[in-house]
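The values are calculated or read from the model by the stated rules, or taken from the named source; none is laboratory data. Only a predicted model underlies this, so the values are computations on that prediction, with no experimental measurement involved. Glycine also receives a Cβ, built like all others from the backbone with ideal geometry; neighbour counts cover every protein chain displayed.
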Amino acid sequence: MAKLNQKIKTALDESRMLILGTQIFLGFQYRAIFEKTFEKLPPTSQYFKLAALISLCFLLSAFCLLLSAFCLLYYGTLFAAFRFKAN
């Protein structure tokens, strides 16, 4: 069975990869708006693209809020367990 340190390192490495992928995906979404061909799209397509970008930003912010609340609850109990174990 893997040690706790190794599990934490693996989780942090995987979260770094997820953050990098999200940054790349958002970068492509933002870049599409500033392309010259974006102006050639019909207005409805432009509005859909902007709505998709805004909804993606809202989803990511909601995910970050939920993730931070989960981490606070999880690590709060985890650190409490370490405190009791140390005594």
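Just a few scattered comments:
- Enumeration of residues in segment 43-62 that are at pLDDT 85 or above and exposed (fewer than 12 other Cβ atoms within 10 Å of the Cβ): Pro43, Thr44, Ser45, Tyr47, Ala51, Ile54, Ser55, Phe58
- Any hit, segment 70-83, residues being out of contact with any Cys (no Cβ under 7 Å at 6 or more places or on another chain) and modelled with pLDDT of 85 or more: no
- Subset of segment 1-56 [in a helix (DSSP H, G or I), more than 27 Å from Leu67 (Cα to Cα) and more than 22 Å from the chain's Cα centre (by Cα)]: Lys36, Thr37, Phe38, Glu39, Lys40, Pro43, Thr44, Ser45, Gln46, Tyr47, Phe48
- Scan of segment 1-24 for residues that are over 19 Å from Phe63 (Cα atoms) and surrounded by 10 or more Cβ atoms within 10 Å (Cβ to Cβ), ordered by number: Leu4, Gln6, Lys7, Ile8, Lys9, Thr10
- Condition met for Ala86 (modelled with pLDDT of 80 or more and not hydroxyl-bearing (Ser, Thr, Tyr)): no
- Sole residue being among the polar types (S, T, N, Q), at pLDDT below 85 and in contact with a helix residue (DSSP H, G or I) (Cβ under 6 Å, 6 or more places away or on another chain), chosen from Gln6, Gln29: Gln29
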